[in-house]
6 protein chains.
Amino acid sequence: MRVVVSIGGSVLAPDLDPDRVAAHAEALERLAADGCELGVVVGGGGVAREYIEAGRALGANEVELDQLGIDTTRLNARLLIAALDGRGNLSPATDYDEAAAALRRGEVSVMGGLVPGQTTDAVAAGFAEAVDADLLVYATSADGVYDVDPNVHADAARFDEMTPAELVDVVLPMSRDAGASAPVDLLAAKLIDRARIRSVVLDGSDPTAVVDAVLSGEHTGTDVVP
Amino acid sequence: MRVVVSIGGSVLAPDLDPDRVAAHAEALERLAADGCELGVVVGGGGVAREYIEAGRALGANEVELDQLGIDTTRLNARLLIAALDGRGNLSPATDYDEAAAALRRGEVSVMGGLVPGQTTDAVAAGFAEAVDADLLVYATSADGVYDVDPNVHADAARFDEMTPAELVDVVLPMSRDAGASAPVDLLAAKLIDRARIRSVVLDGSDPTAVVDAVLSGEHTGTDVVP
Amino acid sequence: MRVVVSIGGSVLAPDLDPDRVAAHAEALERLAADGCELGVVVGGGGVAREYIEAGRALGANEVELDQLGIDTTRLNARLLIAALDGRGNLSPATDYDEAAAALRRGEVSVMGGLVPGQTTDAVAAGFAEAVDADLLVYATSADGVYDVDPNVHADAARFDEMTPAELVDVVLPMSRDAGASAPVDLLAAKLIDRARIRSVVLDGSDPTAVVDAVLSGEHTGTDVVP
Amino acid sequence: MRVVVSIGGSVLAPDLDPDRVAAHAEALERLAADGCELGVVVGGGGVAREYIEAGRALGANEVELDQLGIDTTRLNARLLIAALDGRGNLSPATDYDEAAAALRRGEVSVMGGLVPGQTTDAVAAGFAEAVDADLLVYATSADGVYDVDPNVHADAARFDEMTPAELVDVVLPMSRDAGASAPVDLLAAKLIDRARIRSVVLDGSDPTAVVDAVLSGEHTGTDVVP
Amino acid sequence: MRVVVSIGGSVLAPDLDPDRVAAHAEALERLAADGCELGVVVGGGGVAREYIEAGRALGANEVELDQLGIDTTRLNARLLIAALDGRGNLSPATDYDEAAAALRRGEVSVMGGLVPGQTTDAVAAGFAEAVDADLLVYATSADGVYDVDPNVHADAARFDEMTPAELVDVVLPMSRDAGASAPVDLLAAKLIDRARIRSVVLDGSDPTAVVDAVLSGEHTGTDVVP
Amino acid sequence: MRVVVSIGGSVLAPDLDPDRVAAHAEALERLAADGCELGVVVGGGGVAREYIEAGRALGANEVELDQLGIDTTRLNARLLIAALDGRGNLSPATDYDEAAAALRRGEVSVMGGLVPGQTTDAVAAGFAEAVDADLLVYATSADGVYDVDPNVHADAARFDEMTPAELVDVVLPMSRDAGASAPVDLLAAKLIDRARIRSVVLDGSDPTAVVDAVLSGEHTGTDVVP
């Protein structure tokens, strides 16, 4: 089973806690031990936010800010690789070919962001497309996809299951509003839709949730089923 | 005045007609002669479509299809560079740094697509962000931005002027429907919105329309004004 | 058995027909299934010719025209890779090291042109040299090597077998005359000669001809035997 | 006058304070306005330390830890570049050729670390060698070079002036002891010595100290005079 | 006037004599001082021959031997760059784009070999094509082009002037015989012919001969006039 | 057992003798046949010295001289790779990631120098760190580590065994004096110390000495034991 896991920055590195990174690495190793081919995309987290804030204060434009974020995701990817203790690629992949080549070599293939203008959510979807993944897991700080932003609407309802097209529909209006936070980025949703990738969106703060979701299909988040 | 021009594939290369490419090059040269610093992003056109169709028939996945498209945009970029007769960069830029460096050297800085999962519309917006462009011109096969898809709705109304946020609002629902064709890609619209880039969407089939829009502000398309 | 196959552009892609590409991929897969290590170099074909004509009309110089051709060979290489359905390298190799590395990994190693001033014929010979290939097959639009150009001389005689030095001798005068078309480029012949590479020149319009030539030595073309 | 300035991580980014970065950028801009050609090498600071600690806890080896440090220096370099507002190179240089090329283009040429096993002190000395700099300034957290570590020895005496060979002599024994902190790394001292580079070591916490040292030769640190 | 000069390895570096390299650099500087835009391609010479012999004894194949030769040409190119004292590019160009970019920056643009299977003669012709050079000078160990190999035939006659097509005709039969040494490689001749590049072949052992040939057209070698 | 072997230039290539290179390759092959994973770093030797002398006479600076040396180490690495007859990497690694990747693929991973300002001694230590080598062997022209330079002091005593910290202590004062020649470079010693790498320094003029030292621990040089 070929799986791409997106580990959001707020999940992997809200601050730099080696125990948290180790726990995520351990979850990935359990999946690998079970025979999964694994691609991983990691986000930026707290340090990325700090650099971006500093950059904005210094007059950096949006592309420069994105680049600060991307570089930080790669630092986080290096931490995860270190925690994988030789099972990962040597350095974070910088394009889909490198990422796919690591998979072919039997490595846990870790990468961060790719280019300005794209979130790591979208990179994860692109990675899944590129390697024809069987499953794409978003380990996020949200516990699934809601019909409306649950931080704003008390009566927001979570989807147990939805189609990629429905995911796009739900994410579209959230994407209109800078304040709202979609559990998955709109571009990611559209890539999931076009390539019809089976996906799961779940609360990744406990890394074992990813293991359960992949190995047994058990999770409390949202299944996106083409 | 620093301007990024996006020349859609259907505008530059519906088929490979050197006269059409030469006319676009001439328009760019007139802008350069008038003192504009020029970035140019070109699309794929007919050949891209042929390669993508062949790739799809052969079982290529979406990332592989995008890559076929990107490679073709670079071929088109080479044609435009040849037509610019030494005023362009030597080869199409492959990231924003290369593209910006060419601008710094005083060259007309031409590029094609960048990475899978992004259209050249979005690349053009990213290029404009990266170099703090004063103006971003979409030379498309549409003659502006309509409230609904004019190919579907006979009573569609064209905007003379709109804000970036309105552009996002208009493009969002079009982006939901694979059949509909937004004049500008949603990701591009969102980049325009976040970076507050003054933009124009116009019918680029006559290249002199771009010259007039840039030099005199005269055009029959849509102004996007932050 | 290590084999490099050169598939001429006029053979693989006179136009973009996925069925033709699929047939060539299938032939390669049969060879791989039979235990062959396979390198493949593909030519430009119809699209290359179109881009080169357009480039020439726009004043491109010879190096720029060659570059258009090379880029097109890489597009064709991507199509073939897609058709190989995961057995090929991820993207066309851009130098002999990359090409050889793919062979080492057990992939069908596909590449297009390399640098201006060299045909894909010569690249195929260089690839064969670089990996000490046991056999080099030119799948061309000609059905072998003739003593004089058969398109001009009705009494041209095809060689069943010849030495590399004889190949050079035959190709030399053809290379003097821009109108004549040697079945194999002079530089390629000279590389074959210096490295003493066993080669076959045959009509590749039916891809199974390559399979028969490699697996059983049966073919109606010309053997070049050092 | 061609000057390379090394801004230590503890000076530029003990924490991520945009005002501090802006002050350093302003000092550099004053030097550039005065006609200096400027190379700048920045260190890692607090974030580097955090990543290295996390990496160490996760079992990263020394090369991996260095790589975390290097990546962070490049993030800091991006912040400084943003603060330089278009006068710097577009992205941090990744080798001496790139760094020298930026100087040739008239840009303030900023870089971070280069390869594992080398500090940014040594990179600064290498940069100065590579471009035949007239002056190399170390803006450090120390206020000059002492005969013994002033943090350990109350009677440590600061040099006003010394030769490169003396610098090596002083730094050598400090380098023996992991606890001690030389104001300049031993490898850097040896590069300064072999290339006979005029250098200044000074307290860089106030960026204007660098300006004064370069423009008037006034400073309270140590002159290293070949 | 844009000139590409090919300095053969036997001319620049039969052995490693800095005075000889300095003399060639001085000749180039005189041309540059006179307003010439200069591209330079250097050969391998004695060290290349030594490495190639050692490689052959160790069983290296032809591509590996060529690579040894190419790497040595780049070492020679670095020497020439050092001798040009800041007027050259920072490091030898590794493709025609890099080489052309150095010319655009006003540098003397130096390069060595490019890829296996091509001599530096051919690279020089390709460079000349790529930058639309007005003149291509081969500073060789021969004193011009003869109708037959003058080392073999006592009555060989030197051409004062010939067309590119004649050059191809003369070089073709020499290229058939491994023992014979054409003053210019056949591939180079064919590139000169296709791009109609005005060329001079002369004895380069005295570097001032190149200066005279370029600035006054005076030389005792052979003019190739399209 | 994972071993990195540093073969000094004076040991591998005092002059270019294929037999000597072949003997070193044979020793490495015996180690590989015995199950060792092998990294190899080779020095510059006589040709490097010639290029550096010529460069110095032409006014090259220290970084340019180092670059000449590095390029020559890579030529030597190519010779060794040729002698390894397909067991080595295809081309010398240019950073630790490439070097480690070759090890992962089961190749003998050969590299030369890395960046200016570092000897190949230090590169070998960095390589050993990067891949967590069990043993690092310096095959040098010295027969071990002495308390003082044996070329100067008749009563110099060789260490049979020492700690990395002692190695640093011994090498430090030698490094102060340009005339003295430490058996291992100071930076290398410091890397060995920080990463606690078991090392051996021995006379490598007979390549079988390396085989014995690795396979049986028998040698007449110095053991560095953390």
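Taking the condition of being outside any helix (DSSP H, G or I) and facing another protein chain (nearest Cβ under 7 Å), how many residues in region C:55-90 meet it?
To start, the set of residues in region C:55-90 that are outside any helix (DSSP H, G or I) comprises C:58-61, C:84-90.
Still in the list and also facing another protein chain (nearest Cβ under 7 Å): C:58-61, C:85, C:90.
Looking only at that region, the number is 6.
For the list (1) closer than 18 Å to B:Thr140 by Cβ; (2) buried (at least 24 other Cβ atoms within 10 Å of the Cβ); (3) free of Cβ contacts under 8 Å to residues at least 24 places away in the same chain, I need the number of the one condition that B:Gly55 fails.
In the conditions (1) closer than 18 Å to B:Thr140 by Cβ; (2) buried (at least 24 other Cβ atoms within 10 Å of the Cβ); (3) free of Cβ contacts under 8 Å to residues at least 24 places away in the same chain, B:Gly55 misses (1) alone.
Can you find, within region A:125-145, the residue that is most open to solvent (accessible area, probe 1.4 Å) among those that are away from chain B (no Cβ under 11 Å) and closer than 11 Å to A:Val4 by Cα?
Of region A:125-145, the ones away from chain B (no Cβ under 11 Å) are A:134-145.
In the following step, the residues that additionally are closer than 11 Å to A:Val4 by Cα were identified as A:134-139.
On the way: A:Asp134: 84, A:Leu135: 8, A:Leu136: 0, A:Val137: 0, A:Tyr138: 1, A:Ala139: 1 Å².
Per the stated criteria, the residue is A:Asp134.
With respect to the numbered conditions (1) more than 14 Å from every other protein chain (Cβ to nearest Cβ); (2) modelled with pLDDT of 95 or more; (3) not in a helix (DSSP H, G or I), which one is the sole condition not fulfilled by F:Pro226?
Against the list (1) more than 14 Å from every other protein chain (Cβ to nearest Cβ); (2) modelled with pLDDT of 95 or more; (3) not in a helix (DSSP H, G or I), F:Pro226 comes up short only on (1).
Given (1) more than 13 Å from chain C (Cβ to nearest Cβ); (2) among the acidic types (Asp, Glu); (3) in contact with an Asp or Glu (Cβ under 9 Å, 6 or more places away or on another chain), where does E:Asp206 come up short, assuming only one miss?
Looking at each condition in turn, E:Asp206 falls short on (3).
Determine if region D:112-124 includes at least one residue that is under 19 Å from D:Ile197 (Cβ atoms), in contact with a helix residue (DSSP H, G or I) (Cβ under 6 Å, 6 or more places away or on another chain) and surrounded by fewer than 24 Cβ atoms within 10 Å (Cβ to Cβ).
Checking region D:112-124: not a single residue is under 19 Å from D:Ile197 (Cβ atoms), in contact with a helix residue (DSSP H, G or I) (Cβ under 6 Å, 6 or more places away or on another chain) and surrounded by fewer than 24 Cβ atoms within 10 Å (Cβ to Cβ).
Only one of these conditions is not met by F:Gln118: (1) more than 13 Å from chain E (Cβ to nearest Cβ); (2) more than 20 Å from the chain's Cα centre (by Cα). Which number is it?
The number of the failed condition is (2).
Could you tell me how many of the residues in region F:7-20 are over 14 Å from F:Val210 (Cβ atoms) and touching a residue at least 40 places away in the same chain (Cβ under 8 Å)? Give the steps one after another, and end with the answer.
From region F:7-20, those over 14 Å from F:Val210 (Cβ atoms) are F:9-10, F:13-19; that's our starting set.
Within this subset, residues satisfying the condition of being touching a residue at least 40 places away in the same chain (Cβ under 8 Å) are F:9-10, F:13, F:16, F:18.
Summing the residues that are over 14 Å from F:Val210 (Cβ atoms) and touching a residue at least 40 places away in the same chain (Cβ under 8 Å) in region F:7-20 gives 5.
Yes or no: F:Phe159 open to solvent by 50 Å² or more (accessible area, probe 1.4 Å), under 30 Å from D:Leu65 (Cβ atoms) and not acidic (Asp, Glu)?
Details: open to solvent by 50 Å² or more (accessible area, probe 1.4 Å): yes; under 30 Å from D:Leu65 (Cβ atoms): yes; not acidic (Asp, Glu): yes.
For F:Phe159, the condition - open to solvent by 50 Å² or more (accessible area, probe 1.4 Å), under 30 Å from D:Leu65 (Cβ atoms) and not acidic (Asp, Glu) - is met.
Report yes if some residue within region B:176-198 is of a type in the set (Ser, Thr, Tyr) and either outside any loop (DSSP other than H, G, I, E, B) or over 15 Å from the mean Cα position of the chain (by Cα) (or both); otherwise report no.
Of region B:176-198, the ones of a type in the set (Ser, Thr, Tyr) are B:181.
Now restrict to residues that are either outside any loop (DSSP other than H, G, I, E, B) or over 15 Å from the mean Cα position of the chain (by Cα) (or both): none.
Among the residues of region B:176-198, not one is of a type in the set (Ser, Thr, Tyr) and either outside any loop (DSSP other than H, G, I, E, B) or over 15 Å from the mean Cα position of the chain (by Cα) (or both), which makes the answer no.
Just checking, does region B:91-105 include any residue being more than 26 Å from A:Ala122 (Cα to Cα), within 14 Å of chain C (Cβ to nearest Cβ) and at pLDDT 95 or above?
Narrowing region B:91-105 to residues more than 26 Å from A:Ala122 (Cα to Cα): B:91, B:101-105.
From what is left, the residues that are within 14 Å of chain C (Cβ to nearest Cβ) are B:91.
Add one more test, that the residue is at pLDDT 95 or above, and what stays is B:91.
Yes - at least one qualifying residue is present in region B:91-105.
Do you know which residues across region C:96-153 are among the hydrophobic types (A, V, I, L, M, F, W, C), assigned to a loop (DSSP other than H, G, I, E, B) and without any contact (Cβ under 8 Å) to a residue 60 or more places away in the chain? If you could, list the steps in order and put the result at the bottom.
If we filter region C:96-153 for residues that are among the hydrophobic types (A, V, I, L, M, F, W, C), which is where we start, we get C:99-103, C:108, C:110-111, C:114-115, C:122-125, C:127-128, C:130-131, C:133, C:135-137, C:139, C:142, C:145, C:148, C:152.
Keeping just the survivors that are assigned to a loop (DSSP other than H, G, I, E, B) gives C:114-115, C:131, C:133, C:142, C:145, C:148, C:152.
Passing the criteria: C:Leu114, C:Val115, C:Val148, C:Val152.
When you look at C:Glu64, is it open to solvent by 50 Å² or more (accessible area, probe 1.4 Å) and in contact with a helix residue (DSSP H, G or I) (Cβ under 8 Å, 6 or more places away or on another chain), yes or no? Even if it seems obvious, please write down each step before you answer.
Numbers: open to solvent by 50 Å² or more (accessible area, probe 1.4 Å): yes; in contact with a helix residue (DSSP H, G or I) (Cβ under 8 Å, 6 or more places away or on another chain): yes.
Here the answer is yes, as C:Glu64 does meet what is asked.
Looking at region D:1-13, which of its residues are more than 11 Å from chain A (Cβ to nearest Cβ), closer than 21 Å to D:Asp143 by Cβ and among the aliphatic types (A, V, I, L, M)?
D:Val3, D:Val4, D:Val5, D:Ile7, D:Val11, D:Leu12
Restricted to region F:185-203, and to residues that are in contact with a Pro (Cβ under 7 Å, 6 or more places away or on another chain) and charged (D, E, K, R), which residue is farthest from the other protein chains (Cβ to nearest Cβ)?
So the residue we want is F:Arg198.
Looking at region B:212-224 only, could you name the residues that are closer than 12 Å to B:Asp34 by Cα and surrounded by 21 or more Cβ atoms within 10 Å (Cβ to Cβ)?
Of everything in region B:212-224, just one residue is closer than 12 Å to B:Asp34 by Cα and surrounded by 21 or more Cβ atoms within 10 Å (Cβ to Cβ), namely B:Val214.
If you go through region C:78-93 one residue at a time, do you hit one that is open to solvent by less than 50 Å² (accessible area, probe 1.4 Å), within 27 Å of C:Ser216 (Cα to Cα) and in contact (Cβ under 8 Å) with a residue 60 or more places away in the chain?
yes
Given (1) more than 14 Å from every other protein chain (Cβ to nearest Cβ); (2) in a loop (DSSP other than H, G, I, E, B); (3) crowded, with 19+ Cβ neighbours inside 10 Å, identify the lone condition not met by C:Leu16.
Among (1) more than 14 Å from every other protein chain (Cβ to nearest Cβ); (2) in a loop (DSSP other than H, G, I, E, B); (3) crowded, with 19+ Cβ neighbours inside 10 Å, the lone unmet condition for C:Leu16 is (1).
Can you find even one residue in region C:35-46 that is open to solvent by 10 Å² or more (accessible area, probe 1.4 Å), more than 8 Å from chain B (Cβ to nearest Cβ) and among the aliphatic types (A, V, I, L, M)?
Within region C:35-46, not a single residue is open to solvent by 10 Å² or more (accessible area, probe 1.4 Å), more than 8 Å from chain B (Cβ to nearest Cβ) and among the aliphatic types (A, V, I, L, M).
Using the structure shown, decide if B:Arg2 is basic (Lys, Arg), more than 22 Å from E:Ala130 (Cα to Cα) and either crowded, with 24+ Cβ neighbours inside 10 Å or in contact with a strand residue (DSSP E or B) (Cβ under 7 Å, 6 or more places away or on another chain) (or both).
On the way: basic (Lys, Arg): yes; more than 22 Å from E:Ala130 (Cα to Cα): yes; either crowded, with 24+ Cβ neighbours inside 10 Å or in contact with a strand residue (DSSP E or B) (Cβ under 7 Å, 6 or more places away or on another chain) (or both): yes.
Criteria met by B:Arg2.
Anything in region F:199-210 that is in contact with a Leu (Cβ under 6 Å, 6 or more places away or on another chain) and either outside any strand (DSSP E or B) or without any contact (Cβ under 8 Å) to a residue 12 or more places away in the chain (or both)? List them, or say none.
Listed by number, the list holds a single entry, F:Ala209.
The values are calculated or read from the model by the stated rules, or taken from the named source; none is laboratory data. Keep in mind it's a predicted model, so treat the numbers as computed, not measured. FYI the Cβ positions are ideal-geometry reconstructions off the backbone, even for glycines, and counts take in every protein chain you see. Areas reflect the complete protein model, heavy atoms only, side chains present, ligands, DNA and RNA absent. Shrake-Rupley method; radii C 1.70, N 1.55, O 1.52, S 1.80 Å.
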